[in-house]
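J.: Structure below; questions to follow.
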Amino acid sequence: MSHFKISVRAAANTKILFLSMIFHGLEIMYAIRLKKYQHHNQSFVAIVDENDCPYDPFVSAYLSTLVNQSFNTQLRKAIELMFVLQQFASYGIDLPGRMASGQLVNEKEYLLFYDASCVKKSAVENNVISFRRIGDKSLRNIISANHRRKMTVSSETVQGRIRRFREYSRWLFDHYHDLFGLDEVILNKFLRFESRIKIDEGSLGRNRSQKISDPLESVIPDDVFARLMEIILPSSSNNPFSSSKVRNYLIVSILCQTGIRRGALAKLKISDCYFSGTYDRIAIYRSGRDRTDQRLDKPNQKTKSHLVTVSPVLMRQIKIYIEQIRSRVPMRQAHDFIFVSEKNSRGTIGCPISLKSINAIFQKLSDVLQFSIHPHLLRHKWNEVFDKEGEAQGVDPKLLEDIRKYAMGWSELSIMNETYNDKRLALKAKEISLAHQKRMDGL
């Protein structure tokens, strides 16, 4: 009986400890947040507590190692790190303490984190399903399975969260331990721990998508794309915008004709346009710290510098916009960026257009088209058109891929083109298979 009482007491204490860990984790989860700020016209991101103070000196020091990377990269990594901090806090694990002691994180704790990394953050915070009114077990199983499927995040998200945990752990370990005088047992333990995580990262990178796309299916169906080109015209009666029609038309048109990213478009300057000669080129390049750009989320070109080609007609339209519309917007003299805010709802009139404003343009277009469309989708559409034109002109496939890499700003060693090359290969495989089947049917 005494043994039974001890077991009950131990179980109760375990439950109290477990609940304490959950409540502590939830407290941390809601207490910390991201903060974006500027200093000397450079954008930074921090993780702060409810009092707007730095959450942890180790976290702040780690984030300071990322300042030479693009702001969007800093922001993404800070979001990933915040997820890591919240999860391990919910398990009652002090990562700096673990790395300092050499105890590290055991297999069970890591698997808990891995599982949490595979689902949406909202699901981690509130993973509760009510079956009170559902009596059939098979139906409950189906609903539960569907619920888990909807909670699942992409492989890239899982990979990012796991990589952030590994890199932050490595940074903490190096901070606490002198690798030249480190106990060999602790070092080997950490290296095994690190290798275990790298294996998971690598497997996620090799299996990014389980979805098999139909090679005949366009990312934007032709009828939807045609409607987009019609409603974005400033003269269209179906244009959904009450103002800034010319600016929005030019934004969509440039993305369609060049396939550049949203960030590259937002940082285009008047001086980047070649208003001479063939009258059809725009320079795309990475910028250093631009003191004329006061935006907190400063856009930039992600890949290497190159020239893109637009039609001379579009180039003349850009020039007309600059001379006749942009020139009338107050405060535009402070910078050389082409596209500016034309409203003063938040005191931003004349300021360079923000990335959020570009997203808002596409959200409105999506609502009208009843089809989700965004800037990067136009990049994929550009590649589809590029393939068709290249094949129509009889361009050698290898040369076509080299041209694609230049046009997209990818390096010669980049494998990004494989995404689009696979689609063309799938189409060719289909053609050859159909020809073979017809020959076999005729035997």
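The values are calculated or read from the model by the stated rules, or taken from the named source; none is laboratory data. Bear in mind that the values here come from a model prediction, so they are computed numbers and not experimental data. Note that we place each Cβ from the backbone using ideal geometry, even for glycine, and neighbour counts take in every protein chain shown.
J.: Hey, can you tell me all the residues within segment 311-350 that are of a type in the set (Gly, Ala, Ser) and free of Cβ contacts under 8 Å to residues at least 12 places away in the same chain?
T.: Answer for segment 311-350, where residues must be of a type in the set (Gly, Ala, Ser) and free of Cβ contacts under 8 Å to residues at least 12 places away in the same chain: 327, 345, 347.
J.: Taking the stated definitions as given, is residue 356 exposed (fewer than 15 other Cβ atoms within 10 Å of the Cβ) and either under 20 Å from the mean Cα position of the chain (by Cα) or in contact (Cβ under 8 Å) with a residue 60 or more places away in the chain (or both)?
T.: Yes: the conditions hold for residue 356.
J.: Here's another thing I want to ask about it. Mind checking which pairs have a first residue in segment 89-102 that is at negative phi and a second that is in a helix (DSSP H, G or I) and hydroxyl-bearing (Ser, Thr, Tyr), Cβ under 6 Å, 6 or more apart or different chains?
T.: 99/176; 100/176
J.: Kindly provide the set of residues from segment 101-117 that are of a type in the set (Ser, Thr, Tyr) and over 25 Å from the mean Cα position of the chain (by Cα), ordered by number.
T.: Within segment 101-117, 101 is the sole residue that qualifies.
J.: Counting only residues that are of a type outside the set (D, E, K, R) and exposed (fewer than 14 other Cβ atoms within 10 Å of the Cβ), how many does segment 314-333 have? Walk me through how you get there before you give the answer.
T.: As a first pass, look at segment 314-333 and keep what is of a type outside the set (D, E, K, R): 314-315, 317-318, 320-322, 324-325, 327, 329-331, 333.
This time we only want the ones that are exposed (fewer than 14 other Cβ atoms within 10 Å of the Cβ), so: 320, 324, 327, 330, 333.
The qualifying residues number 5.
J.: Also, I was wondering about something else. From the list 255, 233, exactly one residue is of a type outside the set (Val, Ile, Thr), surrounded by fewer than 22 Cβ atoms within 10 Å (Cβ to Cβ) and at pLDDT 95 or above. Which is it?
T.: Exactly one residue qualifies, and that residue is 233.
J.: Do we find a residue being part of a helix (DSSP H, G or I) and more than 30 Å from residue 40 (Cα to Cα) anywhere in segment 258-269?
T.: First, the residues of segment 258-269 that are part of a helix (DSSP H, G or I): 258, 262-266.
From what is left, the residues that are more than 30 Å from residue 40 (Cα to Cα) are 258.
Yes, because at least one residue in segment 258-269 is part of a helix (DSSP H, G or I) and more than 30 Å from residue 40 (Cα to Cα).
J.: Here's a follow-up. When you look at residue 432, is it modelled with pLDDT under 80, among the β-branched types (Val, Ile, Thr), out of contact with any Leu (no Cβ under 6 Å at 6 or more places or on another chain) and part of a helix (DSSP H, G or I), yes or no?
T.: yes
J.: Sticking with this structure for a sec: Could you please find all residues in segment 62-104 being among the small types (Gly, Ala, Ser) and out of contact with any helix residue (DSSP H, G or I) (no Cβ under 8 Å at 6 or more places or on another chain)?
T.: Across segment 62-104, the qualifying residues are 64, 70, 97, 101.
J.: Out of everything in segment 375-413 that is in a loop (DSSP other than H, G, I, E, B) and in contact (Cβ under 8 Å) with a residue 24 or more places away in the chain, what residue ends up being nearest to residue 240 (Cα to Cα)?
T.: Once the filter is applied, the top-ranked residue is 409.
J.: Taking into account only those residues within segment 301-346 that are at pLDDT below 90 and in contact with a Phe, Trp or Tyr (Cβ under 8 Å, 6 or more places away or on another chain), which is nearest to residue 287 (Cα to Cα)?
T.: Among them, the one singled out is 301.
J.: Determine which single condition residue 274 fails, assuming it passes every other condition in (1) free of Cβ contacts under 8 Å to residues at least 60 places away in the same chain; (2) more than 16 Å from residue 336 (Cα to Cα).
T.: Condition (2) is where residue 274 drops out.
J.: Among residues belonging to segment 282-313 that are surrounded by fewer than 17 Cβ atoms within 10 Å (Cβ to Cβ) and over 25 Å from the mean Cα position of the chain (by Cα), point out the one that is nearest to residue 356 (Cα to Cα).
T.: 292
J.: When the residues of segment 279-289 are filtered to those that are without any contact (Cβ under 8 Å) to a residue 40 or more places away in the chain and assigned to a loop (DSSP other than H, G, I, E, B), which remaining residue is nearest to residue 41 (Cα to Cα)?
T.: 288
J.: Continuing with the same structure: Here is a list of conditions, (1) of a type outside the set (Gly, Ala, Ser); (2) more than 23 Å from residue 56 (Cβ to Cβ); (3) surrounded by 15 or more Cβ atoms within 10 Å (Cβ to Cβ); (4) modelled with pLDDT under 90, and residue 159 meets all of them except one; can you say which number that is?
T.: Checking residue 159 against (1) of a type outside the set (Gly, Ala, Ser); (2) more than 23 Å from residue 56 (Cβ to Cβ); (3) surrounded by 15 or more Cβ atoms within 10 Å (Cβ to Cβ); (4) modelled with pLDDT under 90, the one that fails is (4).
J.: Kindly indicate whether residue 373 is surrounded by 15 or more Cβ atoms within 10 Å (Cβ to Cβ), modelled with pLDDT of 95 or more, under 23 Å from residue 300 (Cα atoms) and in the same structural domain as residue 227 (by TED's automatic domain parsing).
T.: no
J.: Test residue 185 against the criterion of being modelled with pLDDT of 50 or more and either more than 28 Å from residue 100 (Cα to Cα) or touching an Asp or Glu at 6+ places or on another chain (Cβ under 8 Å) (or both), and give yes or no.
T.: So residue 185 does not fit the description; no.
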